[in-house]
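Taking it in order: structure first as structure tokens, then the write-up.
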Amino acid sequence: MKRKHLLLSLFCFSILSCSEIVAQESFRIMFYNVENLFDTKHDSLKNDHDFLPGGFMNWNNWKYWEKQRNIGRVITAVGEMQSPALVGLCEIENDSVIFDLTKRSPIRSQEYDYITTNSPDIRGIDVALLYQRHLFKLLEKNEYELVLSGKDAHPTRNILHAVGQVVSGDTLDVFVCHFPSRYGGQLESEGGRIDASKLLRDKADSLFSVRKDAYIIIMGDFNDHPDNKSINQVLKARSLNYHLNKNELYNMFLNRINERDFGTLKYQGQWNVLDQFIVSGNLLMKENSLKINNNEAHIFNADFLTEKDEKYGGVRPYRTNLGPRYIGGFSDHFPIFMDLNIGVV
């Protein structure tokens, strides 16, 4: 009888041990272009006049805090009433607006820590990363200034690079980007985005060379589509249909760009996929301890983020302002998200 009990105990312990080895911790990552999150205070070093009280946008404290509440509502909705582990944001004015979002708005209960860039952009536009400290232990923060090669180029947004450790003990390199805009025309402005892709590719190649397993996630508003030159040829972000190589980059949306009504921003009736996730190949391999759930990323286009498109038909993102007219929505972009499965021993 004792022998049977011993065998049963060993069998149960074996099952428990195996379940612990293959247990998965879900880790949601989102990115959101929040469309001009400006405070109401003047920065004497930046051209923020449009978003001051009495300025072109007639910005004021009530609109500012309503904007903060709306952003918090979106973050909570994407997390499905939980907190996404990582939240990349762009079109934020400064560190102060992210302090207000994480410490003074309704999402303060989600206890985010954050890092931001301090870019030379003329309007003061920066990017930020919010993170749950118990899921992502920040080890290092870098930001890379993008020096554009064009003779008439203006200072632009820096690229944010966070290095963190997840609960499996693996190191995750996260980049948050907001590439130069298409102002002046897509082809005419393309050089700036090519410069940004060259810089980003150099940083990725450096990580591939120094880390045995480089787990890289790049998220941002690239102001180009996944099949445009800057992303597809210069950054070399491949389709998921390509053969997987752990030291290459893959665009989570490249093989979906021809789907009907698929996009994060609508311009003149056409959907654009400007907001994207780009990942290293080992995050797509089933045998690894870190991997993208089902190798899928998603656009979050819930009904409350849309309004009827009276001119072109269908719907469009429900934005905060339409020109100088305040309409009280969220952003002219939809957020994107994906889940990272983490093997926990």
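Readers should treat all values here as calculations from the given coordinates under stated rules, not as data from a laboratory. Values in this document were obtained by computation on a predicted structure and should not be read as measured data. We place every Cβ from the backbone using ideal geometry, glycine too, and count neighbours over all the protein chains shown.
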Inset, instruction - With +1 on each Lys and Arg Cβ and -1 on each Asp and Glu Cβ, and nothing else charged, work out how big the dipole of the range 267-345 is about its Cα centre, in Debye to the nearest 20. - result: 140 debye
Legend entry - Acute angle (nearest 10 degrees) that the helix 2-22 long axis makes with the longest principal axis of the chain, alpha-carbon atoms: 20 degrees
Inset, instruction - Could you quote the convex hull projected area for the range 103-255, Cα atoms only and averaged over all directions, in nm²? - result: 10.6 nm²
Inset, instruction - Could you tell me which chymotrypsin sites (Phe, Trp or Tyr not before Pro) in the range 166-212 are loop residues by DSSP with no more than 16 other beta carbons within 10 angstrom of their beta carbon? - result: Tyr183
Legend entry - Ranked packing of 298-305, 100-107, most packed first, by mean Cβ within 10 Å: 100-107, 298-305
Legend entry - Given charges at beta-carbon only (K, R positive; D, E negative), |dipole| of the range 120-204 in Debye: 140 debye
Inset, instruction - Place +1 on the Cβ of every Lys and Arg and -1 on the Cβ of every Asp and Glu in the chain, take the dipole about the Cα centre, and give the residue among Gly220, Thr320, Ile336 whose Cα lies farthest towards its positive end. - result: Ile336
Legend entry - Mean ellipticity per residue at 222 nm, deg cm²/dmol - from DSSP H runs of n ≥ 4 across the chain, formula -39500 (n - 2.57): -6500 deg cm²/dmol
Legend entry - Residues whose placed amide H lies under 5 Å from that of Phe300, excluding near-sequence neighbours: Ile336, Phe337
Legend entry - Using a Förster distance of 25 Å, the FRET efficiency for Asp261-Gln186 (Cβ separation, nearest 0.05): 0.75
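Could you compute the FRET efficiency for Phe56 and Asp95, with r as their C-beta to C-beta distance and R0 at 22 Å, rounded to 0.05?
For R0 = 22 Å, the calculated efficiency reads 0.35.
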Inset, instruction - Rounded to whole Å and sorted largest first, list the principal axis extents of the Cα atoms in the chain. - result: 85, 42, 41
Legend entry - Magnitude of the charge dipole, the chain, Cβ model with Lys/Arg +1 and Asp/Glu -1, debye to 20: 940 debye
Legend entry - Inter-label distance for Arg133 and Leu244, nm, one decimal - labels placed 7 Å from Cα along Cα-to-Cβ: 3.5 nm
Inset, instruction - Note the angle between two axes, namely the Cα long axis of helix 61-78 and the longest principal axis of the Cα atoms of the chain, as a number of degrees from 0 to 90, rounded to the nearest 10. - result: 30 degrees
Inset, instruction - Could you work out which residue, out of Ser96, Ser83, Ser289, moves most in a Gaussian network model of the chain, that is, has the largest mean-square fluctuation with Cα springs under 10 Å? - result: Ser96
Inset, instruction - State the extension gain, in nm to one decimal, for the chain segment bounded by Lys311 and His42, taking 0.36 nm per residue of separation less the distance between their alpha-carbons. - result: 93.2 nm
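What number, in percent, do you get for the relative contact order of the range 121-161 if the mean sequence gap of Cα pairs under 8 Å and at least 6 apart is divided by its residue count?
Dividing the mean separation by the residue count of the range 121-161 yields 52 percent.
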Legend entry - Packing rank of 306-314, 137-145, 157-165, where each peptide gets the mean count of other beta carbons within 10 Å, highest leading: 157-165, 137-145, 306-314
Inset, instruction - Return the distance in nm (one decimal) between the two label points of a simple spin-label model at Gln165 and Arg104, each offset 7 Å from Cα along Cα→Cβ. - result: 3.4 nm
